[in-house]
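> Before I ask anything, let me first share the structure, which is written out below as structure tokens.
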Amino acid sequence: MQWIRQLARTTAHDAVIRLARWSVLLVLSSGELFAADPTQLDLESRFTNSVRPFVEVYCITCHGPEKPKADLDLSPFSTMDAVRRDFPHWELVLEKLQGAEMPPEKAKRHPSPELRQNIVQWIQDARRYEGEKNAGDPGPVPARRLSNAEYDYSIRDLTGVDIRPTREFPVDPANQAGFDNSGESLAMSPALLKKYLQAARIVSEHLALKPDGFEFAPHPVVADTDRDKYSVLRIVDFYRRQPTDYADYFMAAWRYRNRAALGQADASLVQIAADSKISSKYLTTIWATLNEAAEPVGPLARLLAQWRELPTGGTTQAGVARQGCERMRDFVVRLREQIVPEVKNLAAPAIQNGSQTLVLWKNRQMAANRRRYDPGALQIAGVEPMPVKLPGKIPAQEEQAALAKITVTNLPSVAPESTAYKNPNAQATTQRRRTNQPPSTPQYINQGGFSLPPAILTTDSSATFKLAAARKRAAGPDPDLVVPADPAERARYEAAFARFADIFPDAFYITERARVYLDAEKEQENSGRLLSAGLHSMTGYFRDDGPLYDLVLDEQGRRELDQLWQEFDFAASIPQRMHKSFVWFERTDSSFMRDPEFDPFRPEDKSVTDQAKIQKLGELYLAKAVRNNASETVRQAIREHFEIVAANILRVEQEHVTAEPAHLSALLRFAERAYRRPLSRDERNGLLAFYRAARDENGLDHEEALRDSIARVLMSPNFCYRADLIDEIGKATQVTPSSGGSRREEAHSSIFPNQSLLTSAATGRVNSRPLSDYALASRLSYFLWSSMPDAELLAHAQAGDLNRAEVLVAQTHRMLKDARIGNFAREFGGHWLDFRRFEEHNAVDRERFPAFNNELRLAMFEEPIRFIVDLVREDRSVLNFLYAEYTFVNAPLARHYGMPFPSPRSTRREEALSTSSNKSEGLLTSAAAAGSEEWVRIEHADKFGRGGLLPMSVFLTANSPGLRTSPVKRGYWVVRRVLGERIPPPPAVVPELPNDEKTLGDLTVRDALAKHREDKSCASCHARFDSFGLVFEGYGPVGERRENDFGGRPVDTRASFPGGGEGSGFAGLLDYIRAHRENDFIDNLCRKLVAYGLGRTLLPSDDSLIERMRTKLAANGHRFSILVEGIVTSPQFRTKRIEQERNQSHAQRE
Amino acid sequence: MRNVNDPKAPGISRRTFLRGAGVVMALPWLESLPVRGVEASAAPGGFPQRFAAVFMGNGINPNHWWAKESGADMELSKTLEPLAPFRSKLNVINGLFNKPAVGVGIHPGQTGNILSGMPLMKGAVLRGGISMDQVLANHVGQDTMQPSLVLGCEQPITGYHETNFSMAYSSHISWQSAESPVPMEVYPSLAFDSLFENRGSKRTQSILDRVKDDAASLNRKISSEDSRKLDEFLTSVREVEKRVDRMRSDQAKAEEHARDRGKPLIAMNRPDNGLPEDIRDHMRLMSDVVALAFQTGKSRVATLVLCRDLSGLFYPFLGVRKAHHSASHDDTSDDYESVSRYYVSNLAYLASRLDAMPEGEGTVLDNTCLLYLSNMWSGTRHDNTRLPVLTVGGLGGTLKTGRVLDYTETGDENRKLCSLHLSLMDRMGVSLPRFGDAETRLADL
């Protein structure tokens, strides 16, 4: 290349001689040009005869290789081919020549207008020629790694959790178009690769194994306590999602009763339950109870009386009815609390009260009592209430007697009818009982052991009992608890109480349990022990959700809940750990197992959970209890305990063994999702071999080997690179007459304007081939979601029909409506409008602007994202970006804008928002989602000086240097980012304005700028954008509206725009844009979107696509989807350059 | 060829290069890859510094925990007597405390933050702070086979204590983040294995090997332009492999040196699977693993929980029938004195192993700091307003030893355990402005 530079330095006098030499060299160096058509020859000769000499004479003095002015070196452009390959620089040349900005006035030589026009014409002709010749050229889009954002989003979609491993990565550079998603800018380095390795390991530590596969937890799940946390939070979350407010059920029943008046005459109970988001099963129970034929007595009679009092009518009565329903609920809860059967502590000599054997027994009793009542709580009419007995331990004999007595008095009819759920502790489901359970396991173990008959004993730890106890002390006798003395009548009442208790359990589920053997009220301080079994210090969890399971959940809900508990046991080895914890406790804090006979049992020992050892320990434990005269109940509790422990441990161990193949299948599925295409047979075998080697050669256990396999998949370039594979040649050209092949050909011809692009052998200069369907799916999803394709896209890829126009367009529309379009808003919008990192913006002086806190900063950042998401999902006109009168605010932003923030219930929840509550859809940054701030659309934001992109505070703030505004930066932002104007960088030496308006003296910022423009060299650029910033002077440094600047001077928002026209304020700017610059905006948006969608800088050959997009846009109400459709159906999006042919031609020539 | 795109072409500014269309941007390609480890945390003598925290739960017998005078003349209490051979390498530090662990509730709340100094959260969701050993692991440990060893002689437990703190805080003193403890290795055989390649760099190597295959097979399906980008990837993989190799060969050398110089050296066979029947064997084996790791440079940071808080260990060989926690409730008893002394003897054992390994003019112990800690002073009163703290080893000449330091009377601000952590991390080249509740270094250390 040295010779070119030398040429460039020689004087114009040698031009003629050099022209001849160039021609020769050109012919030698470019095979393509050699075969050029007449137009090309013409352009070529115009270049050599006039353009190049022009450059030499008028330009190269300044724009030569040595310290080129404005960093523009024109010397390398010695051939038309060089121009063709780097056209953007020539567009700049074109711009400067057209605007007569170059050569500058002070230059020695100036071309004649004709000559200037001649060169302008040549550049335009060349551009058009090149563009048309290669229209649809996919351009150079090399294999490239995922950008940081794409990596994070892909990990989120792949794992279902938002781990964001790239936080530690260096920031990705942007390409010339301003985006960070192109191969031009995305490079790999050893340092980065090391970070990839760390990231892969971090992700693998989130791996949570399940009996039938695996998933990923939101935090690492390697240590036991983290495993526990993961499962416990999921289960509690499930519980809290369930509808268990009685008032909601009564209200739904009321709606059903008044369905005609409510205009839903045909609504079924099931439908109303669905509308009310409650369980139809439980609503059916409630409805039946409220509409019994027989006249009830006791609590049911009172409830029914209230029910009948509810108003009749339509919507107007709903408010009153709701209040009535809430009173009914309060009645049920209050009464129910007072009849909770109490379960006393089970006690035994030498056994600590907080021991597993005793506490878990008590838990089982309480669980069995949830739908039973305590007859002792009733008061017989005319009989003084018995003084409350507070016995300590019940002697064994007395206990037996009580047992017998209650069995007699408690009528068989009151036993709960439910049979489906009886397994709070063994956690065996009905399904499992049919399939996986070892047949030898006695049924009662699956059901959590024997339960005593109801209501003989007392508990002081039931969730509701605590409240009831407090009220009992406060209130005297309760008339609702009074039953008639007459035995027959009394039996009727007791039956009613039993039924009442059966329908309305004392709790649907228990999420928290402090130590159940200690004083309940004191223990209330120990909150937050989710699902804990309430033991002394030991690891232990206890499932108690029978009423929810039996009364509320449908089949699917039951399955889900069973699975959650099963997965908990499985992932955290709960039965094993509980047992080890038991052994530790009984040998230390409790001294029960200190005798030497227990010495072989050590919690650290793996064998302590062997079946034989458990059995042996059970025998020794029982024998010691018997020696100490434990009651029969205690003996039974001990027998049950060890049997349950043994069965549970056996079950989990068996699950661990049988799960391994399932985990390997899941691993293959994981790789397939990660690679975004099916695996080849070699890949499948390779991955399994890797796992095997990790176990056999590296000696890892199953879980470690799986983690390494996950890391290995994530490190593969198949995951972290996008390679846009084309179909293998044979496959792509293979046309089977009857099936997919020919259909695909049709589809192509219907979409592609230039058929020749599809075949490499065609006459066009650029050879390209269609992407494979899978590559196309990835292209589409990384364009619109910055992430991997979802199942539906992959299914189309598999079916081979994604290439069909109608499928492609339909999928595009579906994707534009998806919540993941938030990624697009952030990535495309954030780069286009330059607010990508505003969450971290720290240039604001928070002492002077106390309103600017993190919350407001985040809200400012969110506003354009919300706006773009709405515009895209609702497929609105892109002109809304400029002219919309609406915007989106949350409470802090509304405050900042001086808008009254509508109270949450009175406004329609923003749709984009409500769907974002689903974590995996992830429309929002997690911080905003966590704050669960409500966003609303403000229709007439223009009244508050807002609406559309331009006056959003994020842009006004980002373009202000601290304590003053910057009309320069703001104006530059508008013309560059929004209108797409290219303006050269400022010269190195420019006067700095002070950072604080106060320190400007007599001048306003406007005055200072006006002075600046007096300098002609500054004026040429500043005249092009200052006015765009001055109109925003009514907005202060954090985008707040203002009348005066910080120096106390009234702001002046008038401006004269370039090319004529005066205007004032933001409205004036819009008028000007509408009249003169709207096309610039649209052109810029199209170009940005194409550059982003294709992942590369634009080429002249993209011009026709952009032209088509603009035409269609104008004809279709400027709907956003028109642009995206245009891009995804374009040849450049759907094909890939093939370069072999060119290389071959080179080779042949040589 | 466009020479505008050739960044090496003279006379073309970087800016032009960046602004050219279709140009490869400035890459993090040349980002240096500092080889941390030996260089970063080398003692003045050029030998790597090592750190181990050795923990026992439930305090000591306060009546027999004292020392007087200094250096070879140091007079040691009965409990500290096992450390007599190391008088000149020992610091007995009295009066330090971990303020965030005081007054929040006994046991777990006194333990889980002993190396982090951050307040602990009660309930099902744990939260504290990253521990200082893990801070060190993230720096000096990055290029060793194992960034850190986190060992224990008792399984962690995870129930709830009556104070409503999770019992996990009683088991874990090493925390990789505020929310997650580092899983603790209890099996000597697995702890031993973790020092060998099949569990360390070989795992990485296996992954990189397969990834190279992937890239090669992908390369066959793509164009030459694609290949250029994939070459970046392959080159990066090879670079990282080289570093892994270098690390391995460095370590092979270190082992060689150890073999040549270390007499008597640790001739440690792989411990049997499962747990030793006798707790004495268990603790000795775990100490041996730490010593082996330090000697061979496979790891430079370790924590060893000899027994956790609320420990259930038994000491029949001491004639003590009660388990550890129960025994600690009578902390001034002879029984508990002998238990405390037994633990100090374990520290002495680890010190003796390291001291038997020559390194330069001194021994590995001289380039190490063993930090001995408990979560209480008095188990009977659950008193942690002062803590028993010992250090053994000179940390490569950066830590003055042979001293008895007393901070009892210096005021709470000046006797923070986290100040000691800061001071120790400083000496290993990890200088933080603050750590846990401390912003100042420990005076006079």
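Values in this text are rule-based calculations from the coordinates and carry no lab data. Treat the numbers as computed from the prediction; the structure is a model and nothing was measured. Here the Cβ is made from the backbone with ideal geometry for all residues, glycine too, and neighbour counts use every protein chain on show.
> Kindly identify region B:313-393 as rounded, prolate or oblate by the Cα gyration tensor criterion: order the square roots of the eigenvalues as a ≥ b ≥ c, call it rounded if a/c is under 1.5, otherwise compare a/b with b/c, prolate if a/b is larger, else oblate.
Values: a/c = 4.22, a/b = 1.88, b/c = 2.25.
Cα axes put region B:313-393 in the oblate bin.
> Oh, and also: Counting only residues 5 or more places away or on other chains, whose amide H sits under 5 Å from the amide H of A:ARG145 once H atoms are built in the peptide plane?
It is A:ARG722, by chain and number.
> Tally Lys/Arg at +1 and Asp/Glu at -1 over every other residue whose Cβ is under 12 Å from the Cβ of A:ARG1110; what's the total?
Result for the local shell: -2.
> Next question. Sort A:959-970, B:399-410, A:220-231 by the packing proxy (mean of other Cβ within 10 Å over each peptide's residues), most packed first.
A:220-231, A:959-970, B:399-410
> Let me ask you something else. What's the long-distance tail for region B:101-153, i.e. % of Cα pairs beyond 16 Å?
Numbers: 705 of 1378 pairs.
For region B:101-153, the fraction of Cα-Cα distances above 16 Å is 51 percent.
> Per residue of A:177-186, count partner chain C-beta atoms within 10 Å of its C-beta, then hand back the mean as an integer. Each step should come with its number before you reach the end.
Details: counts 1, 0, 0, 1, 0, 2, 6, 6, 6, 5.
Average neighbour count from other chains, rounded to a whole number: 3.
> Kindly write out, for region A:569-574 in residue order, the coupling ³J(HN,Hα) from the Karplus curve 6.51 cos²θ - 1.76 cosθ + 1.60 (θ = phi - 60°), rounded to whole Hz, with x marking Gly and Pro.
Couplings: 3, 5, 6, 10, 6, 4 Hz.
> Could I ask something else about it? Among residues other than A:VAL332 whose Cβ falls under 12 Å from its Cβ, what is the net charge (Lys/Arg +1, Asp/Glu -1)? List each step's numbers first, then the result.
Values: positive: A:ARG302, A:ARG327, A:ARG329, A:ARG334, A:ARG336; negative: A:ASP245, A:GLU326, A:ASP330, A:GLU337, A:ASP480, A:ASP506.
In short, -1.
> Between B:VAL301 and residues 5 or more places away or on another chain, which pairs have amide H atoms under 5 Å apart, with H built 1.01 Å from N, and which residues are they?
B:PHE51, B:LEU149
> What ³J(HN,Hα) values, in whole Hz, does the Karplus curve 6.51 cos²θ - 1.76 cosθ + 1.60 give for region A:1103-1119 when θ = phi - 60°, with x put for Gly and Pro?
4, 5, 5, 5, 4, 4, 4, 5, 4, 5, 4, 4, 7, 10, x, 6, 5
> Counting only other chains, what is the mean number of Cβ atoms within 10 angstrom of the Cβ of each residue in peptide B:320-333?
Numbers: counts 0, 3, 3, 6, 1, 4, 6, 1, 0, 0, 0, 0, 0, 0.
Mean inter-chain Cβ contacts per residue within 10 Å come to 2.
> Neighbour counts of other C-beta atoms within 10 Å: give me A:TYR517, A:TYR541 arranged from fewest to most. Provide the component values of the computation, followed by the final result.
Numbers: A:TYR517 22, A:TYR541 28.
If I rank by nearby Cβ atoms, fewest first, I get A:TYR517, A:TYR541.
> Another one. Local charge sum around B:LEU149 (other residues, Cβ-Cβ under 11 Å, Lys/Arg +1, Asp/Glu -1)? Please list the in-between numbers first.
Working: positive: B:ARG50, B:LYS298, B:ARG300; negative: B:ASP133, B:GLU185.
Computed value for this residue: +1.
> When the chain is fully extended, how far beyond the present Cα-Cα distance does B:ALA443 get from B:ASP412, taking 0.36 nm per residue of separation?
Details: separation 31, 0.36 × 31 = 11.16 nm, distance 1.26 nm.
Here the answer is 9.9 nm.
> Between A:HIS1076 and A:GLU101, what FRET efficiency comes out of the Förster formula 1/(1 + (r/R0)^6) with R0 = 22 Å and r the beta carbon distance, rounded to 0.05?
On the way: r = 20 Å, r/R0 = 0.89.
Between A:GLU101 and A:HIS1076 the formula returns 0.65.
> Something else about it: In terms of modelled amide H atoms, which long-range or inter-chain residues lie less than 5 Å from the amide H of A:ARG1054?
Result for A:ARG1054 returns A:GLY1065.
> Let me make sure I get this right: for region A:219-352, a, b and c are the square roots of the gyration tensor eigenvalues over alpha carbons, sorted descending. Under 1.5 in a/c it's rounded, otherwise prolate if a/b > b/c, else oblate. Which is it? Walk me through the intermediate numbers first.
Working: a/c = 3.13, a/b = 1.55, b/c = 2.02.
The shape class here is oblate.
> Could I ask something else about it? Obtain the nm distance between the two label points defined at A:THR284 and A:ARG308 by a simple spin-label model: each point lies 7 Å from its Cα along the Cα-to-C-beta direction.
2.7
> Can you work out the Karplus-derived ³J(HN,Hα) for every residue in region A:641-650? Use 6.51 cos²θ - 1.76 cosθ + 1.60 with θ = phi - 60°, whole Hz, and x for glycine or proline.
Rounded to whole hertz, the list is 4, 5, 5, 5, 4, 4, 5, 5, 5, 4.
> Treat each spin label as a single point 7 Å out from the Cα along the C-beta direction, and report the A:LEU115 to A:ALA488 distance in nm.
With each label point 7 Å from Cα toward Cβ, the separation is 12.7 nm.
> In this model, which of A:LYS96/A:LYS1112; A:LYS133/A:LYS1136; A:LYS1136/B:LYS221; A:LYS67/A:LYS1088; A:LYS106/A:LYS969; A:LYS67/B:LYS229 are farther than 21 Å apart at the alpha-carbon?
On the way: A:LYS96/A:LYS1112 31 Å; A:LYS133/A:LYS1136 17 Å; A:LYS1136/B:LYS221 13 Å; A:LYS67/A:LYS1088 31 Å; A:LYS106/A:LYS969 28 Å; A:LYS67/B:LYS229 31 Å.
Long pairs (Cα-Cα over 21 Å): A:LYS96/A:LYS1112; A:LYS67/A:LYS1088; A:LYS106/A:LYS969; A:LYS67/B:LYS229.
> Next question. Report, to two decimal places, the Cα Rg of region B:382-445 normalised by 2.2 N^0.38 Å (N = number of residues). Kindly include the intermediate steps, with their values, before the conclusion.
Working: Rg = 12.0 Å, N = 64, 2.2 N^0.38 = 10.7 Å.
Computed over Cα atoms of region B:382-445, the ratio equals 1.13.
> Between rounded, prolate and oblate, where does region A:543-587 land on the alpha carbon gyration tensor, with a ≥ b ≥ c its root eigenvalues, rounded for a/c under 1.5, else prolate if a/b exceeds b/c?
On the way: a/c = 7.36, a/b = 2.30, b/c = 3.20.
Cα axes put region A:543-587 in the oblate bin.
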